Structures are given as structure tokens and as C-alpha cells.
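See structure below.
The values are calculated or read from the model by the stated rules, or taken from the named source; none is laboratory data. These numbers were taken from a predicted model, which means no experiment stands behind them. Neighbour counts run over all protein chains shown; Cβ positions are idealised from the backbone, glycine included.
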Amino acid sequence: MATPDTLRDMRIPLSHGSGAIPAVGFGTLIPDPLATKQATKTALEVGFRHLDCAERYRNEAAVGDALQEALKVGTIRRDEVFVTTKLWNTNHRPERVKPALDASLRRLQLDYIDCYLIHTPFAFQPGDDQDPRDAHGKVIYDTGVTLVETWRALERLVDDGQCRAIGLSDITLEKLREIVAAARIKPAVVQVESHPYLPEWDLLDFCREHGIVLLAFAALGHGLNPRVLDDPVITNIAQRVHKTPAQVALAWAVQRGTAFLTTSTRLDHIQESFEISALPEDAMREIRDGITTNVRFNAVVGTGVPGFIPRVG
Ligand SMILES: NC(=O)c1ccc[n+]([C@@H]2O[C@H](COP(=O)([O-])OP(=O)(O)OC[C@H]3O[C@@H](n4cnc5c(N)ncnc54)[C@H](OP(=O)(O)O)[C@@H]3O)[C@@H](O)[C@H]2O)c1
């Protein structure tokens, strides 16, 4: 079991590609660029060394500014921070993949990315409109490209050294199996919604078997109802171990072998979410066996249309 002192600093070596991902990650899905920059700076100051970005969040430049400031003052070195960004649905055509990563790197002001993910397995009509819709408001999908073709283009980015590892997001176990079977470079990371109300044990077992890190987004359940943080099993453990419910849910995520992402613009919450320590084994068992609520907050796995997109700009 991890000791209280090591949990927050845990890095999971990647079995595919190269590098090691800090289990504790900060997400940058924050609508306002100024707030994004400030929250990212705070997260780095507090100790987070893993940032999750996406071209779809339209704020990579703000994350890049925060990173550059921290690098300049020497708070961090580039090789200490693990940066992920994601290819959006409109860029699945192989010829669009490298330009999309180049653009992300420019905005982030980086010359390589630690991990590049396919944001969702759904290809949208290629073009500059990130949310292409027909006259009835329905998403226009792109049937002219397969996920395996997009994956091959990501493999070439690893060959070129522009990213150290590649992976998938919002993917089902069924689709993940297909990519793992076809891949020359296997997915290093799979980013999916996961929290005590959506533990995804089957997916986690498959990931373990194939040396893939499951990176849990919405590790606190997006703060939505039914609230993971109000669950009596979680709040009872929190009282017992003198931690907050958020710290219990996040420690559980790391101790069961996943990495996690959480997000806040509040200094106290950012600090709290970093300062986690290991739970006793009986608490781990209670969360696994005592929680029966099962909720998926984000329908993106089924539709390819993420529900939490900043509307700024
Ligand atoms: N791949 C995908 O499709 C996808 C989809 C969604 C998200 N993501 C990634 O995952 C990241 C995390 O997602 P998320 O923001 O939904 O995660 P989350 O951490 O589950 O939810 C954030 C909510 O929890 C609250 N919170 C944060 N820290 C807290 C603490 N210590 N105590 C109590 N409440 C706390 C926040 O409120 P306050 O602001 O008040 O602190 C906010 O309401 C995103 O930023 C993004 O990078 C990926």
C-alpha cells in the first residue's frame, strides 16, 4: 500500500511509448481563459505535475502561458510536468492529425507533448467548425475515416518524437479491444469518466492486463447530483480518517491503480485535492462493496458530443 507521503507524488510508468504519468492530475476544462491561466498556475504552485488539455477546450494558449511562467521562474522543469492534449473529432482524417498536434503545441508553447489522446472515437465532418451540425441541429459525422486510420496517424507522431505516448478517451471496452488488437504502438492511457459511482472495473481489469493506464476524469463526479461527495460511505470514511470526502474519493482512485483528473478554480480546493494520503484497506473495501449507486454523468461515450464545453470566445 502507498504510504501517506507518496500517494500524491506517485508516477505510473507507461508501458507503451515512454514516460511516467503522475497519478494526480489537474484538468483544464475551464470556460474562461483568464481563470484557466490562474488555476493552472495555482495547480503547479500547489504541486500538480500533470495537466490535461484539449484543442476543444479552446484554452491551450492560457495553459501554455501559465506553464511558460512557471518554467521561466524555475518552479518546474519541462521534464517534471506531464502534459496531455487531445485531437478533436473534426481532425480524425490522417492528413489533419499532424497539423492539429502542431497547432496544439504552438498554443501550449511546447515542442513535444507527453501524451496525445483521441478525444472521442467519433469522427465529425472535417473543417474549422468544431461542432458541425445539419439544418436539424444534428451532428454531422464523418464516415470517410476509421478509428484505426486515425490511430495509425498518431503512431507516426510517436515515431517522429512529437509525442511520447498516445491514447484514447471516451472509449468503450469493445472499441478499445479493437484498437489494442490493431495497434503497432498500443494505447498508453485511456481517459474515461470514472469515480465511485462509475468504477469501470471491467475496463480497469482490461487496462491492467494490457499495460494501459486508466485515467479517470470527473474523479469527483463533476460535482453533480447525485453527489459522490455526499455519499454516506464516503463521508463516514472521511470523518474516520480526518480527511475531506474529496480527498477520500481521490485517494481511492490512486490506490485502486488509476490516475485521476480533477478541476477547480478555488485555491482551497486545488490544495485539498493535491494533499491526499492513503486510505486503510477496510475503507477501500467499503467503497467497493458498500456503494451501489451507479451513474454516468457524461453521455459522450454514446454520442461523441461532450456535454461540458466552454462557450467562451
Ligand atoms: N475526455 C473527456 O471527454 C473529458 C470530459 C470531462 C472532463 N475531462 C477532463 O477531466 C477534468 C476534470 O473533470 P471535472 O472538472 O468534471 O472533475 P471533477 O473534479 O469531478 O469535478 C469538478 C467539480 O468538483 C468541485 N471540486 C473540485 N475540487 C474539489 C474539492 N477539493 N472539494 C470539493 N469540491 C471540489 C469543483 O467545484 P469548485 O470549482 O467549486 O472547486 C467542480 O464543481 C476536466 O478539467 C478535463 O480536463 C475530460
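Points to keep in mind about this one:
- In segment 250-271, the residues that are charged (D, E, K, R) and either at pLDDT below 95 or under 13 Å from P199 (Cα atoms) (or both): R256
- Among the residues of segment 102-115, the ones that are crowded, with 16+ Cβ neighbours inside 10 Å and either in contact with a helix residue (DSSP H, G or I) (Cβ under 6 Å, 6 or more places away or on another chain) or modelled with pLDDT under 95 (or both) come to 3 in all.
- Any hit, segment 228-241, residues being touching a Lys or Arg at 6+ places or on another chain (Cβ under 7 Å) and in contact (Cβ under 8 Å) with a residue 40 or more places away in the chain: no
- Contact map, segment 169-198: first residue under 18 Å from A219 (Cα atoms), second residue within 11 Å of the ligand (Cβ to nearest atom) and charged (D, E, K, R), Cβ cut-off under 7 Å, separation 6 or more or different chains; pairs are S169/K86; V192/D170.
- Filtered by the rule that a residue be more than 12 Å from the ligand (Cβ to nearest atom) and either under 21 Å from the mean Cα position of the chain (by Cα) or among the basic types (K, R) (or both), segment 236-248 gives a lone residue, R240.
- Filtering segment 249-263 to residues that are of a type outside the set (A, V, I, L, M, F, W, C) and within 8 Å of the ligand (Cβ to nearest atom) leaves T262, T263.
- Qualifying position, being crowded, with 20+ Cβ neighbours inside 10 Å and either acidic (D, E) or within 30 Å of A283 (Cα to Cα) (or both), among P196, P187: P196
- Among the residues making up segment 254-304, those that are within 18 Å of the chain's Cα centre (by Cα) and hydroxyl-bearing (S, T, Y) are T258, T262, T263, S264, T265, S273.
- Subset of segment 69-85 (residues that are farther than 11 Å from D114 by Cα and in contact (Cβ under 8 Å) with a residue 24 or more places away in the chain): E69, A70, T75, I76
- Any pair with Cβ under 7 angstrom, 6 or more apart, that starts in segment 266-294 at a residue that is within 15 Å of the ligand (Cβ to nearest atom) and in a loop (DSSP other than H, G, I, E, B) and ends at one that is of a type in the set (A, V, I, L, M) and modelled with pLDDT under 95: I276/L7; S277/L7
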